[in-house]
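The values are calculated or read from the model by the stated rules, or taken from the named source; none is laboratory data. In this text the structure is predicted, and so the values were computed from the model without any measurement. Cβ placement follows ideal geometry from the backbone for every residue including glycine, while neighbour counts extend to all protein chains displayed. Heads up: the accessible areas ignore ligands, DNA and RNA and are worked out on the full protein's heavy atoms, side chains in. Shrake-Rupley method; radii C 1.70, N 1.55, O 1.52, S 1.80 Å.
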Amino acid sequence: MTLRDDLEKIRQEREKNIKDVGDLKKLDALRVELLGKKGPITQALRGMRNLSADERPKFGQFANSVRDELQSAIETRRDELKKALLNKQLQNETIDVTLPGKPVAQGQPHVIQQIIDQIEDLFIGMGYQVLSGPEVEEDKYNFEMMNLPKDHPARDMQDTFYITKDILMRTQTSPMQARTLEKHDFSKGPLKMISPGVVYRRDTDDPTHSHQFHQVEGIVIDKHVTMADLKGTLELIAHELFGDRFDIRLRPSYFPFTEPSVEADITCFNCGGKGCAVCKYTGWIEVLGAGMVHPNVLEMAGVDSEVYGGFAFGVGPDRFAMLKYGVDDIRNFYLNDVRFLTQFSKKG
Amino acid sequence: MKIAYSWLQEYLDIQVSPKDLGEKIERSSVEVDSVTRPSDGLKKIVVGKIMSMEPHPDSDHLQVCQVDVGDDDLSQIVCGAPNVATDKKVIVALPGSRIGGNVKIKRSKMRGVVSNGMICALDEIGFSKDVVPKEWADGIYFLPDDAKIGEPVFPYLGMDDYLIDVDVTPNRGDMLSVYGVARDLGAIYAQTPKLNHPHVEEVGTAASDKVSIEADEDLAPIYKMRIVENVKIQPSPRWLQIKLWNAGVRPINNVVDVTNYILLKYGQPLHAFDYNKVSGSTIKARYAQKGEKLTTLDEAEHDLNEKDIVIADDQKPIALAGVMGGLNSEIDDQTTTVAIESAVFTPTLIRKTAQRQNLHTDASQRFERGVNRGGVEEAADAAAQMMHELAGGDVLKGIVTGSSYDVKPVVVNITLSRINHILGTDLSLDQVKAIFKQLGFGVTLDGEKYTVTVPTSRWDIHIPADLVEEVARIYGYDKIPSTLPSGPTTVGALTERQKLMRDSRHVLESLGLNQAISYALTTDAKAKQFMMRESAETHLSWPMTADHTTLRMNMISGLLDDVAYNNARRVKDVALYEQGRVFYKDSEDEVRPSEHEHIAGAVSGQLVVDPLKNAKHNAIDFYQLKGIVEKYLNNLAIKGDIEFIATDKYPEMHPGRTADIFIHGHYVGFIGQVHPSVAEAYKINQTYVFELDLDALIEMPKDMNQFEPISKYPSITRDVALLVDKSVTNAQVLAQIHKRGGAYLKSVHLFDIYDGKNLPGGKQSLAYTLTYQNPNATLTDDEVNQAFEKVQKTLVSELGAEIR
Ligand SMILES: [Zn+2]
């Protein structure tokens, strides 16, 4: 047997041994045994000095190759063992991903607030200011300056909570028209304003009536504001709040503070305009009132109606919310049942 | 008002269906509530003729009738009506028919006798009892003798007509008449309606010989009267009855019906008096006198107010003017001479009277909205002529006038450019002129300026803006373009205040509270609970219900109502906040309260509902809500120390679990547990609440965000555990630590509280971590030890603490 034969034998036997090692500790021991200072390869290299000068390099080369081979076999095995170990660990760590997530606290804006915010954002984007006025109003602003003198029959349209003869719970957000018109300095540019808020009517609460509800008033006054501008603006509200497939149509109506006055209908939510019980088979649902600001309103606020004019509109967020989400009882908005409030949490 | 399609067809050539006509009216004039036929939902109701009848063997009031309904054989029908009679043509509901109230009629047996259907009264086939003529109120109805047997009855009763129910806005009183609607449709369809005008056939005697009138012009600007003698009172012809009942008016007799017919046709309310019941020959339109009473035609007695207008003879009131006639001058079967009143009363006075006496009639509704002042005489003429034709009356010569004035058409000027300027349209001179002409307005053109003469039948039009509306609606709103205001650019943005209010809502929502919107009007008792300051109450002068009488002066009570609503429905976990106004008055004398924005919260049960946790242990407590309030205040970046100071001053709060909240020494609100007895009164579970003066928070100076470099040098911590009396508060300990903490003390955190077993009575153990850091150098242990030593000594000397 030559040294070379010895090594060859070691290589063959040991390579097989390495593959059979079952854990990392034993593999390490085997590595020391084979490749350590006392291992056969080191020994063989030491015995090289007995070889001839011709044989030495060849044998050296061979011995090194055997060592490299064994070393790489050990590394490979080590990787295998490590991987197996990790797999086992991962398997032990497996959890039930279907268990519930841990609850975190999150509240919701009120559905009416959501609609008001949406309207505010839309109009802020178009250069409107947002103003809020008093809920306890003077008769003067709520009625008289809105072209509703004391004996006006249209006052019957609105049942009013009076506190005294001249002080009342505002029945509409329109008094903010008068209040801002009075103050606005037209030399500094047009008046573009919306005013959201709570209003009150002397009504018995039932599914379609509430003594407290919301309105968003809007007004634009400048030297050249048209009915066409009003129509375009109302279409924008409909598209923003309900989606592009909703159309607006205008119908003649009557409000003492606008002339012409219109009622705006929107495509029926329920049937998309085909006609159904909800829209009384018209395909349209009445959603808001609007018009060109009455010259009397402008004049009473000290604005020259020959030079300035514009439009005003009043939107009911409660009604919008009822239509948009199919809420069938307006009282839901003010009873604050948590199960109701938390339904409107979807963004977008 | 219900307008019959067929009635309109008398004046106009209508090419569209009733439904489309209704739609057109809605798009161009006034709202249309419905377009319906009285026969809708009814079927198999036919003309029958009673050929013979005999008493029912087992009944003393039923008759067994043999009825010809157009079949080969007679039909046997049992009938219990008192007026059932042979040879009469009647309304027969056949087996399988559907009559009023969605009732199905089947072949049946009545006390053992087969009945193939039912002989009907008017109210059984859908007529409202209010419109059934008295003579038909208690029995079956007899159809005209020429009615065709076996045919549907509907055409004979006007039930196949379409009724357009218009909901007239206060300005369009002119649309409360068939003529008014016909005129408007004329404008819409560019037709001239064929309206007829009466020609009165008078006899020789002058009406003024019979009656004279004294009318106060402030009450009755126009008051006119005609006299018709020798009338014969009887039921009106069927065509007239049909017109009335289809309009919702009960036919009475040929005189009263004529006045109602004229009201429907012209919109002019009339009243017919029995001349012979009037005392004296002078009729007055005057204010009622103190103590006067009047029983109106509906047999209700009214105590008259001195502001009510009455029509009176020389002794007594005989009508509540413009509202309803008096029973004492009613037309009855014996009436022979009729005084027809055609007048205009002052709208506001009529409105007030109708409200005061709670009597709203077709007449008062029209006088309130105004009537055509140019049509008063025509209405009287038309009525008199009809009484001549239908009741054989002799119309006395002339109209007696109590008050009158020269009614002139209104003239309004407007330019084409003004119209286009307001509407955003590009209408031509001719287009607009055509619209005015279609409306029946006189129009002349000077350059681009129109001079428009508005007839008295459109008394709602006074100013150029009114004409703009007429042009817009007749031209069509659909044809007006859609644009956006173009003028100078303006900046739109929320104000600081509005931003802070929005941020407040977002922060509280992110901390787990749902936004509530409660009622601002509440009960007296609730309005003044949880008060943050003294205030007088603001009451409604005439509340609707006892639950909503007073303006709230706190937000919490509303939220507790909400909690109660939830708890009552077994929703235990409630986390709400509300931002809104409270209303304060400094004294009772102040009439108008000041309005303040507050923000408040109420949490009951678990804030974060975790079914895996014990609900009781996980329930809200003071500290969890305090954490929310602290986080909220921090988020608002309010500058200054936030202090929570124990208080027992709120009667509605738990005296040992409530704190006032101060920022930089300013009181801004409070937090704590609702007093158990208050919770019991509200019927709610244990609930924690807070209320803050949002206006104050908004006004307070704010801390700007500023970058602070993160120290490169390590920090060193020391822990200290103290045994102190239970009365020693965390705030006291912190104050001492900070006082003696030294320059490098960066923060202090409480990490343990223990007051359980193994401690001497009345004692608690508090443990704190103190963190030291020098931003400019590495701290040495020695430096820290020295500082820590000082703190420990202070705690021992100042608070009697035992360091453990
Ligand atoms: Zn629909």
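Less than 17 Å from a label point 7 Å out along the Cα-to-Cβ axis of residue A:23: which backbone N atoms in segment A:75-96 qualify, by residue?
It comes to A:78-89, nothing else.
For the full complex of protein chains and a 1.4 angstrom probe, list B:592, B:107, B:172 by accessible area with the highest value first.
Of B:592, B:107, B:172, the descending order of accessible area is B:107, B:592, B:172.
If you wrap a convex hull around the C-alpha atoms of segment A:228-348 and split its volume per residue, what is the figure in Å³?
Normalising the Cα hull of segment A:228-348 by residue number yields 142 Å³.
What pairs from A:223/B:479; B:210/B:290; B:528/B:585; B:585/B:683; B:284/B:397 go past 18 Å between their alpha carbons?
Correct reply: A:223/B:479; B:210/B:290; B:585/B:683; B:284/B:397.
From the P(r) of segment B:716-803, could you give the percentage of C-alpha pairs in the tail past 22 Å?
25 percent
Taking the highest mean first, how do the peptides B:349-359, B:614-624 order by number of other beta carbon atoms within 10 angstrom per residue?
Taking the mean over residues of other Cβ atoms within 10 Å, the ranking is B:349-359, B:614-624.
Which FRET efficiency, nearest 0.05, do residue B:491 and residue A:247 yield, Cβ-Cβ r, R0 30 Å?
After rounding to 0.05, the efficiency reads 0.45.
Where the only charges are on Cβ atoms (+1 Lys, Arg; -1 Asp, Glu), what is the dipole of the protein assembly as shown about its Cα centre, to the nearest 20 debye?
I would put it at about 5560 debye.
Please report the accessible area of residue B:264 (heavy atoms, 1.4 Å probe, ligands and nucleic acids excluded) in Å², nearest 10.
That residue has around 10 Å² of solvent-accessible surface.
Relative to a virtual label point 7 Å from the Cα of residue A:224 in the Cα→beta-carbon direction, which members of segment A:172-212 show backbone nitrogen distances below 19 Å?
The answer is A:186-192, whose backbone nitrogens lie closer than 19 Å to the label point.
For residue B:205, list long-range residues whose amide hydrogen, built 1.01 Å from N in the peptide plane, is under 5 Å from its own amide hydrogen.
Amide H neighbours of residue B:205: B:397.
Residues of segment A:332-346 with accessible area at least 50 Å² lower in the all-protein-chain context than alone (1.4 Å probe)?
At a threshold of 50 Å² (probe 1.4 Å), the residues of segment A:332-346 that become less exposed are A:334, A:335, A:336, A:338, A:339.
Compare the Cα positions of B:553, B:150, B:93 along the charge dipole of chain B (+1 at Cβ of Lys, Arg; -1 at Cβ of Asp, Glu; about the Cα centre) and return the one farthest towards the positive end.
The residue sitting most towards the positive pole is B:553.
Please compute, for peptide B:488-498, the average count of beta-carbon atoms on other protein chains lying within 10 Å of each residue's beta-carbon.
6
Between residue B:293 and residue B:34, how high is the FRET efficiency from 1/(1 + (r/R0)^6) when r is the Cβ-Cβ distance and R₀ = 41 Å? Nearest 0.05.
Between residue B:293 and residue B:34 the formula returns 0.55.
Could you work out the relative contact order of segment B:716-803, using alpha carbon pairs under 8 angstrom and six or more residues apart, expressed as a whole percent?
Dividing the mean separation by the residue count of segment B:716-803 yields 45 percent.
Could you check the spin-label model distance between residue B:803 and residue B:631? Points 7 Å from the Cα along Cα→Cβ, value in nm.
For the pair residue B:803/residue B:631, the computed spacing is 3.6 nm.
Calculate how large, on average over all directions, the projected area of the Cα convex hull of the protein assembly as shown is; give the answer in nm² to one decimal.
Computed as one quarter of the Cα hull surface, the answer is 81.5 nm².
Give the lysines whose C-alpha is closer than 19 Å to that of residue A:140, dropping any in the same chain fewer than 8 places away, or say none.
Leaving aside lysines fewer than 8 places away in the same chain, those within reach of residue A:140 are A:150, A:165, A:183.
Using heavy-atom solvent-accessible surface (probe 1.4 Å) with all chains present, what is the largest-first order of B:88, B:44?
Result, largest first: B:44, B:88.
Please report the carbon-and-sulfur percent of the accessible area for chain A; probe 1.4 Å, protein heavy atoms only, DNA, RNA and ligands left out.
Percent of accessible area from carbon and sulfur atoms in chain A: 50.
I need the phi-derived Karplus couplings for segment B:557-573: 6.51 cos²θ - 1.76 cosθ + 1.60, θ = phi - 60°, integer Hz, Gly and Pro marked x.
4, x, 5, 5, 4, 5, 4, 4, 4, 5, 4, 5, 9, 6, 8, 8, 9
Given a 1.4 Å probe and heavy atoms of the protein chains only, how would you sort B:1, A:227, largest accessible area at the top?
Largest to smallest exposure gives the sequence B:1, A:227.
Mind checking the dipole of segment A:3-92: about its Cα centre, +1 per Lys or Arg Cβ, -1 per Asp or Glu Cβ, Debye to the nearest 20?
Using only the charged Cβ atoms, the result is roughly 300 debye.
Starting from the Cα-Cα distance between residue B:72 and residue B:104, subtract it from 0.36 nm times their residue separation and give me the gain in nm to one decimal.
9.1 nm
Given B:480, A:279, B:197, which one lies farthest toward the positive end of the charge dipole of the protein assembly as shown, if we put +1 on the Cβ of every Lys and Arg and -1 on the Cβ of every Asp and Glu?
The one lying farthest along the dipole's positive direction is A:279.
Calculated FRET efficiency, residue B:15 and residue B:680, Cβ-Cβ r, R0 60 Å, to nearest 0.05?
That gives a FRET efficiency of 0.25.
With loop defined by DSSP as not H, G, I, E or B, and exposure as at most 12 other Cβ atoms within 10 Å, which is the longest segment of chain A clear of exposed trypsin sites (Lys or Arg not before Pro)?
A:39-149
If you consider only alpha-carbon coordinates, what radius of gyration and Dmax does chain B have, in Å?
My reading of the Cα-based Rg and Dmax gives 41.5, 132 Å.
Under 14 Å Cα-Cα from residue B:89, which aspartates and glutamates qualify once same-chain neighbours fewer than 8 residues away are excluded?
B:68, B:145, B:146, B:151
Quick one: with all protein chains in place, what share of the accessible area of chain B is carbon or sulfur, to the nearest percent (1.4 Å probe)?
48 percent
Where in chain A lies the longest segment free of GluC sites (Glu not before Pro) that are both loop residues by DSSP (not H, G, I, E, B) and have at most 11 other Cβ atoms within 10 Å?
A:94-305
Can you return the lysines within cross-link range of residue B:19? Criterion is Cα-Cα under 18 Å, with same-chain partners fewer than 8 residues away left out.
The reachable lysines, counting only those whose Cα sits under 18 Å from residue B:19, are A:274, A:280, B:2.
Could you give the alpha-carbon Rg of segment A:1-138 over 2.2 N^0.38 Å, rounded to two decimals?
Compared with the compact-globule rule of thumb, segment A:1-138 sits at 2.63.
Once the dipole of segment B:43-157 is set up with Lys and Arg at +1 and Asp and Glu at -1 on Cβ about the Cα centre, which of B:81, B:127, B:50 lies farthest towards its positive end?
B:127
Over segment B:76-189, with the other protein chains present, what is the accessible area per residue in square angstrom, probe 1.4 angstrom?
Here the residues of segment B:76-189 average 40 Å² of exposed surface.
In peptide A:195-203, how many Cβ atoms from other protein chains are near each Cβ within 10 Å, on average?
Across A:195-203, the average partner-chain Cβ count within 10 Å equals 2.
So which trypsin sites (Lys or Arg not before Pro) in segment B:282-345 pass both tests, a DSSP loop state and at most 13 other Cβ atoms within 10 Å of the Cβ?
Sparse-neighbourhood loop trypsin sites (Lys or Arg not before Pro): B:290, B:307.
Taking only Cα atoms, what is the 0 to 90° angle, nearest 10, from helix B:178-188's long axis to the longest principal axis of chain B?
The angle comes out near 70 degrees.
I'd like the accessible area for residue B:239: 1.4 Å probe, protein heavy atoms, all chains in place, Å² to the nearest 10.
So the heavy atoms of residue B:239 present about 120 Å² to solvent.
So how exposed is residue B:346, as accessible area in Å² (1.4 Å probe, rounded to 10)?
Accessible surface of residue B:346 is approximately 30 Å².
Compute the accessible area per residue over segment A:76-195, keeping the other protein chains in place, probe 1.4 Å, unit Å².
That works out to 48 Å² for each residue.
What is the magnitude of the charge dipole of segment B:572-721 about its Cα centre, with +1 placed on the Cβ of each Lys and Arg, -1 on the Cβ of each Asp and Glu, and no other charges, expressed in debye to the nearest 20?
760 debye
How well do other chains shield peptide B:418-424, expressed as the mean number of their Cβ atoms within 10 Å of each residue Cβ?
5
Counting protein heavy atoms only and a 1.4 angstrom probe, how many square angstrom of accessible surface do chains B and A bury in total, to the nearest 100?
7500 Å²
Please compute the per residue accessible area over segment B:636-772 with all protein chains in place, 1.4 Å probe, rounded to a whole number of Å².
56 Å²
Compute the distance from the alpha-carbon center of segment B:165-200 to that of segment A:313-342, in whole Å.
Their Cα centres are 40 Å away from one another.
For segment B:410-479, what is the relative contact order in percent, using Cα pairs closer than 8 Å and at least 6 residues apart in sequence?
Dividing the mean separation by the residue count of segment B:410-479 yields 40 percent.
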